[in-house]
Amino acid sequence: MDPFVEMMFQQGATAFLGKGDRADYVAELCKKYGGVSLLGIGGASAINTKHVKSVEIVAYEELGTESIKKLYFDRYRVIVGIDSEGNTLQKQEVPKYAK
């Protein structure tokens, strides 16, 4: 999804939900457009499915689970992986606790 982040920000998206690390340039794009990258919490997917109100495929339907979707949810549990100032959880916080 990273190659499409700038285009999606330009189209009005403000947040992205994914898992794992993002390319380094995504943090700069979050800062530039004031958006955020959200991370799903491992193991919480079954609980979170109760909070999804609707899902709309907006691009690349042929990719199935990898298609680009617009989700509407209420009380969905996530972690901010990259904030709107370009701070990155994985690069700035995780190393503090790694052994």
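Where a number appears in this text, it was derived from the coordinates with a stated rule and is not lab data. Remember, predicted model here, so these are calculated numbers, not experimental data. Every residue, glycine among them, receives a Cβ derived from its backbone with ideal geometry; neighbour counts consider all protein chains shown.
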Can you spot the lysines whose alpha carbon is less than 21 Å from Lys96's alpha carbon? Ignore those fewer than 8 places along the same chain.
-> Lys19
5 angstrom amide H check on Val36, placed H, neighbours 5+ away | Ala15, Phe16
Neighbour-count ranking [beta-carbon atoms within 10 angstrom, fewest first] of Thr88, Thr14, Thr65 | Thr65, Thr14, Thr88
Order of Asp24, Asp2 - criterion: other Cβ atoms within 10 Å of each residue's Cβ, fewest first | Asp24, Asp2
Rounded to the nearest 500, the 222 nm mean residue ellipticity computed for the chain from DSSP H runs (n ≥ 4, each -39500 (n - 2.57)) alone is -6000 deg cm²/dmol
As a percent rounded to 5, the proportion of antiparallel DSSP bridges among beta bridges in the chain is 75 percent
Relative contact order for the chain, counting Cα pairs under 8 Å that sit 6 or more residues apart, in percent = 29 percent
Name the aspartates and glutamates eligible as straight-distance cross-link partners of Lys50: C-alpha to C-alpha under 18 Å, and not fewer than 8 places from it in the same chain.
-> Asp74
